[in-house]
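The values are calculated or read from the model by the stated rules, or taken from the named source; none is laboratory data. Keep in mind the model is a prediction, meaning the values are calculated, not measured. Methodologically, a virtual Cβ is constructed for each residue, glycine included, from the backbone with ideal geometry; neighbour enumeration extends over all protein chains shown.
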Number of protein chains: 2
Amino acid sequence: MSDPAPVTIVGATGALGFGLALRLGQAGVPIVIGSRDPGRAAEAAAKAAERVPGASFAGLGNAEAAAANETVVLSVPFRSQSETLTNLKDTLRPGQLLVDATVPLAAAVSGKATRLLGVWQGSAAQQAAEMAPDGVRVVSGLHTVSAALLTDLDHALDEDVLVCGDRKADKAQLAALIERVPGLRCVDCGRLEMARITESLTPLIISMNVRYKARAGIKVTGLPAELWPASSS
Amino acid sequence: MSDPAPVTIVGATGALGFGLALRLGQAGVPIVIGSRDPGRAAEAAAKAAERVPGASFAGLGNAEAAAANETVVLSVPFRSQSETLTNLKDTLRPGQLLVDATVPLAAAVSGKATRLLGVWQGSAAQQAAEMAPDGVRVVSGLHTVSAALLTDLDHALDEDVLVCGDRKADKAQLAALIERVPGLRCVDCGRLEMARITESLTPLIISMNVRYKARAGIKVTGLPAELWPASSS
């Protein structure tokens, strides 16, 4: 594989974003961690560097972080998603790949983490697509991957990342990035509108984690060996 | 295991119900196939007996079939679910276990099989629970299992059945039945309201099957070995 392009993770001070930063960093991807508070971002970057010596982590405020790289992962609580995208509307630019990992858990409005809110646009990913500036390529993914397992670097991952998006090439680009992490396989789940299904798997998995004291994930059975033919990217 | 009690499958003339009939029959469970048309039910039973010699299959009209056994699987197209339950309201009786496998695909109203209808009660399973007579114990499951793979008896199954229901003992009872089929593991997915999530996996899987020319299923990773402790049944 060629030298990986750097990636920004907005919200990498949270559990999922931080775990993803660790794993991608370990896979050789330079990571910029974005947070509303640049101080917290720098702190998270330092913590990540301690966990993965030799990897590249920097911490910046959200706008600087989002401007820094061509790929931006948005991994914030649903209650902050809309505000974050509003704040980034003069920062995000056409051609960037925006990877939305937001889940509209009812916990955002003091409900349960095992229930989902209805989002007017259909899903958090579709809200992101509506709010992102024209030309930003929005894909959706990472909803079924356990933050705890990503963060536990001794754990050998073996699960799928369900990816939705309106353009095959955008999804293939995300897959190529994520599959640098050993044990993660990306599965094309169709158009962005399918994110209303993949997002709903987070509350299901949270409920299983509670019930079984587990760190559950999803694997799709019965698929062919080659899920991302080069021709599609 | 003790001698299995017989099971009725209403809608076993359809692909999923027929595949389930074959697999349960092969596992030694006597099967009554229900259909609106008793002639078609008898035909399906004969076809099943041909596929699984030595197993027990009978075909009856829906009401006779639903009255015949303590466990009734409802595996009909969503467009027929409400009508079928209305027709069975004087037949189903307290104490029976009703296993709803219905999926509210938009195909029911000439939409796509990769999209879901909104059901007022939340899910097809919750509609079934509302419509079933008091005392009928409703559980939900089987939405992610491929009818084609069930029917292909040469295929070694290796996937999960996601089970929802309001009482643990009812779910454990369904799990004990389904897990007679080698390669099928049941996972407790929580209360019946969670069926709105598990039902939505059918359109997701249908879309994968089309995209990848596959017969996809779901496996939950990261769970403990024992999912149905005897104390819960």
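Quick notes on this one:
- Verdict on B:Arg40 being outside any loop (DSSP other than H, G, I, E, B), crowded, with 17+ Cβ neighbours inside 10 Å and basic (Lys, Arg): no
- Subset of the stretch B:183-195 that is more than 23 Å from B:His155 (Cα to Cα) and surrounded by 20 or more Cβ atoms within 10 Å (Cβ to Cβ) - its residue that is nearest to the other protein chains (Cβ to nearest Cβ): B:Gly190
- Assessment of the stretch A:171-182 against the conditions (over 29 Å from A:Gly28 (Cα atoms), modelled with pLDDT of 95 or more and out of contact with any Ser or Thr (no Cβ under 9 Å at 6 or more places or on another chain)) yields no matching residue.
- Output for the stretch B:158-172, where each listed residue is surrounded by fewer than 21 Cβ atoms within 10 Å (Cβ to Cβ) and of a type outside the set (D, E, K, R): B:Ala169
- Test: residue in the stretch A:147-157 that is more than 10 Å from every other protein chain (Cβ to nearest Cβ), touching a Phe, Trp or Tyr at 6+ places or on another chain (Cβ under 9 Å), of a type in the set (Ser, Thr, Tyr) and not in a strand (DSSP E or B): yes
- Test: residue in the stretch B:134-142 that is surrounded by fewer than 19 Cβ atoms within 10 Å (Cβ to Cβ) and either among the basic types (Lys, Arg) or over 17 Å from the mean Cα position of the chain (by Cα) (or both): yes
- Members of the stretch B:196-231 that are over 23 Å from B:Ser123 (Cβ atoms), more than 8 Å from chain A (Cβ to nearest Cβ), of a type outside the set (A, V, I, L, M, F, W, C) and part of a loop (DSSP other than H, G, I, E, B): B:Glu226, B:Pro229
- For the stretch A:191-228, a tally of residues being closer than 14 Å to B:Leu201 by Cα, out of contact with any strand residue (DSSP E or B) (no Cβ under 6 Å at 6 or more places or on another chain) and not basic (Lys, Arg) returns 7.
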